[in-house]
Amino acid sequence: MQDRNDKVEQKLVPGIVGMAAKTNAIYYVEMHQAAGRVLSSPISFRSVMVTPDFSILIQAAKSGDTAAASESIVQGAKDAAAAGADFIVIGSNTGSTFADAVAAQSGLPVLGIAETVIATAREKNFRRIGLVSTRQTARSRMYQALGAASSIEFFPPSPALADAVDSLIFQELAQGKTSAAGHQLVLDVIEWFRSQEADAVVLACTDLTLLTMDPASTALPLLDSTLLHARAAAALAVQGRQQS
């Protein structure tokens with residue numbers, strides 16, 4: 001977004017359908033800070049946040065009961081709409097696999113997290129990208145399907161690494177916990193992607209941002225879906241339209 005201009009006013013109100021508490025906080029702070037840098041009043045940014053029962057999504061990911069997870073996220077979006085939101089920001093890659101249902105049933109457009117990542121990948125000319133995510137996000141092929149339209153290939157790690165990442169996300173990060181072992185696991189996954197000739201790696205689980213990976217210390221460039229999504233939400237709210 002441009003630097004602050006005294007005439008810049010907010011045009012749309014984002015409605016965040018949040019998941020894990022610490023990740024929700026990152027979304028909130030990053031979005032408000034990004035908008036505050038350009039608004040005429042840096043503390044005037046308005047947003048709505050609804051937090052559905054996150055345990056439903058976790059159980060759904062374990063059991064495969066996607067109907068319950070979809071219903072919970074859709075209801076969160078409806079609540080955000082009722083509170084005055086103009087568009088929906090699903091603060092979860094796994095939750096974003098239900099974005100079509102959310103848009104159809106809430107009556108509001110959804111700012112896609114995968115679309116946001118892909119837009120940045122195009123800008124940086126990344127063509128082969130490693131996908132660090134939950135098993136459900138990988139199985140949904142959300143990134144793969146959307147990336148194909150831009151000639152961008154997304155691919156998951158080896159099955160053993162994918163299982164380890166899934167466990168890390170649900171047993172630690174979703175609970176707001178981080179560990180040196182978890183940080184090292186993600187570094188190992190990134191190194192594996194480097195060995196497979198990836199151009200970059202997307203942290204395609206919003207909870208992975210809790211690890212605060214230092215791009216300078218990783219074997220490949222990182223695309224942090226949480227930060228990119230939050231900044232895109234701020235830009236859309238301020239500009240009233242998505243950046244191309």
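Listed by chain and number, the aspartates and glutamates placed with their C-alpha closer than 20 angstrom to that of Lys22 are Glu30, Asp53, Asp166, Glu172, Asp207, Asp214, Asp224; residues fewer than eight positions away on the same chain are left out. Secondary-structure-derived ellipticity at 222 nm for the chain, considering helices only, amounts to -15500 deg cm²/dmol, per-run term -39500 (n - 2.57) for DSSP H runs with n ≥ 4.
Maximal additional length on extending the Glu197-Ser40 stretch stands at 52.0 nm, based on 0.36 nm per residue less the C-alpha distance. Please name which of Ile169, Ala216, Val202 has its Cα lying farthest along the dipole of region 114-224 towards the positive end, using unit charges on Cβ (Lys, Arg +1; Asp, Glu -1) and the Cα centre as origin. Final value for the positive-end residue is Val202. Shown for the chain are the DSSP H helices of 20 Å or more along their axis, judged by Cα atoms, with a mean Kyte-Doolittle hydropathy of at least -1.0: 21-36, 66-82, 180-195, 225-239.
For the peptides 228-237, 212-221, the ranking by mean Cβ contacts within 10 Å, running from highest to lowest, is 228-237, 212-221.
Extension gain His183-Asp100, at 0.36 nm per residue separation less the Cα-Cα distance, in nm?
Details: separation 83, 0.36 × 83 = 29.88 nm, distance 3.26 nm.
Gain on extension, His183 to Asp100, equals 26.6 nm.
Residues whose amide H lies under 5 Å from that of Leu223, counting only those 5 or more places away or on a different chain, are Val201, Val202, Leu203; hydrogens are built 1.01 Å from N in the peptide plane.
For region 114-224, the Cβ-based charge dipole about the Cα centre amounts to some 260 debye (Lys, Arg positive; Asp, Glu negative; other atoms uncharged).
Computed about the Cα centre, the dipole magnitude for the chain is approximately 420 debye when only Lys and Arg (+1) and Asp and Glu (-1) carry charge, each at its Cβ. Which of the lysines could be linked to Lys11 by a straight reach, that is with a Cα gap under 22 Å, when you skip same-chain ones fewer than 8 residues away? Candidates past the 8-residue exclusion: Lys78. The label-point distance for Ala119 and Ser158, in a model that sets each label 7 Å from Cα toward Cβ, rounds to 3.7 nm.
For the pair Ala82 and Thr51, label points projected 7 Å from Cα toward Cβ lie 1.9 nm apart. Projecting the Cα atoms of Gly91, Leu57, Val38 onto the dipole axis of the chain, where Lys and Arg carry +1 and Asp and Glu carry -1 at the beta carbon, places Val38 farthest toward the positive end.
Look at where the Cα atoms of region 126-173 and of region 78-107 average out, and the two centres are 22 Å apart. Inter-label distance, Arg139 to Lys22: 2.6 nm, where each label sits 7 Å from its Cα along the C-beta direction. The protection proxy used here, the mean number of other Cβ atoms lying within 10 Å of each residue, ranks peptides 121-132, 144-155 as follows, highest first: 121-132, 144-155.
Under 5 Å between amide hydrogens, built in the peptide plane, is the criterion, and for Arg46 it picks out nothing among residues at least 5 positions away or on other chains.
No value in this document is a laboratory result; all are computed from the given coordinates. None of the values given here were measured: they were computed from a predicted structure. All Cβ positions, even for glycine, are placed from backbone atoms using ideal geometry, and neighbour counts span all protein chains on display.
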